[in-house]
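Heads up: the structure comes next, in structure tokens.
The values are calculated or read from the model by the stated rules, or taken from the named source; none is laboratory data. Source: prediction; values computed, not measured. Cβ coordinates were reconstructed from backbone atoms using ideal geometry, including for glycine residues, and neighbour counts include every protein chain displayed.
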Amino acid sequence: KSHLDNVEKDEEKNCFICSIPRTEFQKNKKDFQKHVKEEHSIWDYIRFIIHVKDHPQNEHNALEKYVYEQVKDEGNESIDFFPLHRAKSLPHYKYQDSATEEQSTQLQQASEEHRRQGLVVRHEVACQTEDIRHSVVSPIEDIREESPFEL
């Protein structure tokens, strides 16, 4: 019973078919209930699977053939044909699990640190270049000033 309760709670938070969270629909001002009832109706998927299994294989179209191959072995069915992390009503949705988000954050932080270090190095090089220029130009100017000839 607790497993069933967990499944029901999950269905309230995520689409069963695509696993996109309700919050994504809310953020994008899309109706989650409409999505799970019309766009990704679990009953439509079940009916389609039953149709594919009952329909003669030699009459299957390409989609039916593909789905049939996924579900033909009882107890060994696959849901690879489900549009995981995809929905027509959210065409720009990009799935990121917490590990991916963490990696993305770490990458951004490393990139920012690299940029800062680059600025420090650039400043140090500019200072050293100015010191070198001064150490080369200054003696030349001294020679010019002391020389009786016009240089």
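The table that follows gives values for the structure above.
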quantity: Single condition I42 does not satisfy, out of (1) within 18 Å of F16 (Cβ to Cβ); (2) among the aliphatic types (A, V, I, L, M); (3) loosely packed, with under 10 Cβ neighbours inside 10 Å; calculated: (3)
quantity: Candidates H114, H55, H40, H92 - the one that is touching a residue at least 40 places away in the same chain (Cβ under 8 Å) and not small (G, A, S); calculated: H40
quantity: Condition met for K29 (surrounded by fewer than 13 Cβ atoms within 10 Å (Cβ to Cβ), within 18 Å of F82 (Cβ to Cβ) and among the basic types (K, R)); calculated: no
quantity: Identity of the residue in the stretch 46-62, part of a loop (DSSP other than H, G, I, E, B) and surrounded by 11 or more Cβ atoms within 10 Å (Cβ to Cβ), that ends up farthest from the chain's Cα centre (by Cα); calculated: H55
quantity: Sole residue being part of a helix (DSSP H, G or I) and closer than 26 Å to Y95 by Cα, chosen from K29, K65, K37; calculated: K37
quantity: Any chance Y45 is of a type in the set (F, W, Y) and either more than 26 Å from E24 (Cβ to Cβ) or touching a His at 6+ places or on another chain (Cβ under 7 Å) (or both); calculated: no
quantity: The stretch 68-82: number of residues that are over 20 Å from F16 (Cβ atoms) and in a helix (DSSP H, G or I); calculated: 2
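Each row is one residue, and each column tells you yes or no for (1) among the basic types (K, R); (2) over 43 Å from the mean Cα position of the chain (by Cα); (3) modelled with pLDDT of 80 or more.
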site: P83; (1), (2), (3): no, no, yes
site: P91; (1), (2), (3): no, no, yes
site: Q96; (1), (2), (3): no, no, no
site: S135; (1), (2), (3): no, yes, yes
